[in-house]
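Okay, so here's the structure we're looking at.
The values are calculated or read from the model by the stated rules, or taken from the named source; none is laboratory data. Just so we're clear, the structure is a prediction, and the values are computed from it rather than from any experiment. Note: ideal-geometry Cβ built from the backbone for every residue, glycine included; neighbour counts use all protein chains shown.
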Amino acid sequence: MRENPDRTAGDRHMTYKAPRGTRDVLPEESWKWQRVERVFRATADRFVYREIRLPVFEETELFARGIGDATDIVRKEMYTFTDRKGRSLTLRPEGTAGVVRSFIEHSMGRGSRLTKLYYFCPMFRYERPQAGRYRQFWQWGLEAIGSMNPAVDAEIIHFSVNLFESLGLAGAEARINSAGCPTCTPSYNELLRDRLAGSLDQFCADCQVRYERNPRRMFDCKNKHCLELLKDAPSILESLCDECTQHFASVQDLLSRMSVRFVVDTSMARGLDYYTKTVFEVHYAGLGAQSALCGGGRYDALVEELGGAATPACGVSSGVERLMTALEDTGVMAAREPGPSVYVASLGSDAALAAATVIAELRKSVSVETDYQGRSLKAQMKEAGKLGAGHVVIIGEDEVARGVAVVKNMTTGEQDEVGVEKVAALLVERLASAGGGT
Ligand SMILES: [Zn+2]
Ligand SMILES: [Zn+2]
């Protein structure tokens, strides 16, 4: 076994830390993740996408072919390893290749229906760790496989905008473009090369490589100087074939009909080579320069490229960490986790036994916290307040002797004394009528 390079020889007896580029999502934060996941799944239900749970690793070859040998992901960022039988496997760096592999393997396209799938799971890329970037990170995504209909593209864009709005990011806006198809992109690439040939030496080194391989990718450059040089480059929309022009127009018509906010952005290329026709991103203006929350598009050649029958498809994916930061930065996410419905405070061993019965009864339907450290009633009340409990049940030595308990509403401050055997029923009823409970 090789030593971890992050450790030095003297470190051997140090305690352990999460591996570089990974992080723990602790309870103070995980409830926010759960909320995002709940809203995502509810949105997927409304659009009738069904979940697919994929293996964490796949054959390396699948990603090399599905994402592209020339991409940074495949060249530099994959977690690839050899298993005990010498197979080359890779931790999934994205979701689409695995979904398409599964679609083909299980013949999901039978009967020429549209297959609508979603995933919400961690991905793995060996990237230089930096703020907000992790080597294990989460993505949600949708794939709709089996139709050329522009209604599918519009639906996926609508879904994305709708999701962000459901999470509280009102005013999210789609930016859309067409990536063309094998019929029309070669002439556009030629046109681009012609127009940029004169200024090529002024572009960055990466762009010079892109110029040869796929000049449209120059629009993906982060270099301001390169983007300035591209300002007068011809738009792909003028080079589209009739079919692509028609398709792009239909997508826009449909988005307008659905009242989805969108703009056409002809400088958008998206990082991956496999896109055809529609490409899009959804942006939220409140986030400054890095305002993109998700991206996707149509990939009509990928299923065939991965060994299936020629099948058109469209999808979207998005980083969850980015979304979490956006929700926190915009103040949309509540700062505080909702507390338990009830806190049961007791003092003395007899009271603790009475409390155990009340707690067990309540936990059939509501969330209940209690004290485990034998603290004073005062300290327990303080704890209940800190947790944000909705109600507190107090059973002290005096109460247990009289067979009663005090029920306090922490919002109004009202207190009632009730028979200890009636406490659970009373609270369940109150919480139900308040629309609360958990
Ligand atoms: Zn075309
Ligand atoms: Zn550049």
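Taking the criterion of being touching a residue at least 24 places away in the same chain (Cβ under 8 Å) and more than 21 Å from residue 350 (Cβ to Cβ), the residues of segment 385-413 that qualify are 385, 387, 388, 389, 390, 391, 410.
Conditions (1) buried (at least 16 other Cβ atoms within 10 Å of the Cβ); (2) outside any helix (DSSP H, G or I); (3) assigned by TED's automatic domain parsing to the domain that holds residue 355, marked per residue:
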{"residue": "394", "(1), (2), (3)": "yes, yes, yes"}
{"residue": "398", "(1), (2), (3)": "no, no, yes"}
{"residue": "401", "(1), (2), (3)": "no, no, yes"}
{"residue": "405", "(1), (2), (3)": "yes, yes, yes"}
{"residue": "408", "(1), (2), (3)": "yes, yes, yes"}
{"residue": "412", "(1), (2), (3)": "no, yes, yes"}
{"residue": "416", "(1), (2), (3)": "no, yes, yes"}
{"residue": "422", "(1), (2), (3)": "no, no, yes"}
{"residue": "432", "(1), (2), (3)": "no, no, no"}
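Flag not set for residue 135, criterion: without any contact (Cβ under 8 Å) to a residue 60 or more places away in the chain, assigned by TED's automatic domain parsing to the domain that holds residue 290, closer than 17 Å to residue 319 by Cα and within 21 Å of the chain's Cα centre (by Cα). Taken across segment 142-156, residues that are within 13 Å of ligand 2 (Cβ to nearest atom) and among the hydrophobic types (A, V, I, L, M, F, W, C) do not occur at all.
If the condition is being within 21 Å of residue 155 (Cβ to Cβ), part of a loop (DSSP other than H, G, I, E, B) and β-branched (Val, Ile, Thr), then segment 29-63 contributes 48, 52. Filter segment 330-354 down to residues that are at pLDDT 95 or above and charged (D, E, K, R), then give me how many there are. Number satisfying all stated conditions: 1. Among the conditions (1) closer than 12 Å to residue 176 by Cβ; (2) within 16 Å of ligand 1 (Cβ to nearest atom); (3) of a type outside the set (Val, Ile, Thr), the only one that residue 246 does not satisfy is (1). Counting only strands (runs of 3 or more DSSP E) that fall entirely inside segment 262-303 and contain at least 3 residues that are crowded, with 20+ Cβ neighbours inside 10 Å and modelled with pLDDT of 95 or more, the qualifying elements are 276-283, 292-298.
When you go through 207, 221, 181 one by one, which is the residue that is of a type outside the set (A, V, I, L, M), under 25 Å from the mean Cα position of the chain (by Cα) and crowded, with 16+ Cβ neighbours inside 10 Å?
Details: 207 fails: under 25 Å from the mean Cα position of the chain (by Cα); 181 fails: under 25 Å from the mean Cα position of the chain (by Cα).
Being of a type outside the set (A, V, I, L, M), under 25 Å from the mean Cα position of the chain (by Cα) and crowded, with 16+ Cβ neighbours inside 10 Å holds for just one of 207, 221, 181, which is 221.
The residue that is farthest from residue 285 (Cα to Cα), among those in segment 173-207 that are aliphatic (A, V, I, L, M) and modelled with pLDDT of 95 or more, is 176. Taken together, 249, 197, 205 contain a single residue that is of a type outside the set (Val, Ile, Thr), away from ligand 2 (no atom under 15 Å from the Cβ) and more than 24 Å from residue 278 (Cα to Cα), which is 197. Of the residues 405, 389, 354, the single one that is farther than 24 Å from residue 434 by Cα, touching a strand residue (DSSP E or B) at 6+ places or on another chain (Cβ under 6 Å) and not basic (Lys, Arg) is 354.
Of everything listed in (1) away from ligand 2 (no atom under 16 Å from the Cβ); (2) surrounded by fewer than 17 Cβ atoms within 10 Å (Cβ to Cβ); (3) among the aliphatic types (A, V, I, L, M), the single unmet condition for residue 176 is (2). Pairs linking a residue in segment 204-233 that is within 16 Å of ligand 1 (Cβ to nearest atom) to a residue that is in a helix (DSSP H, G or I) and aliphatic (A, V, I, L, M), with Cβ atoms under 8 Å and 6 or more positions apart or on different chains, are 216/192; 216/236. May I ask you to verify whether residue 162 is assigned by TED's automatic domain parsing to the domain that holds residue 317 and buried (at least 21 other Cβ atoms within 10 Å of the Cβ)? So residue 162 fails the test.
Among the residues of segment 190-203, which ones are more than 16 Å from ligand 1 (Cβ to nearest atom) and either farther than 16 Å from residue 269 by Cβ or touching a residue at least 60 places away in the same chain (Cβ under 8 Å) (or both)?
Residues satisfying the conditions are 194, 197, 198, 199, 200, 201, 202.
Contact map, segment 254-267: first residue in the same structural domain as residue 278 (by TED's automatic domain parsing), second residue at pLDDT below 95 and part of a loop (DSSP other than H, G, I, E, B), Cβ cut-off under 6 Å, separation 6 or more or different chains; pairs are 266/235.
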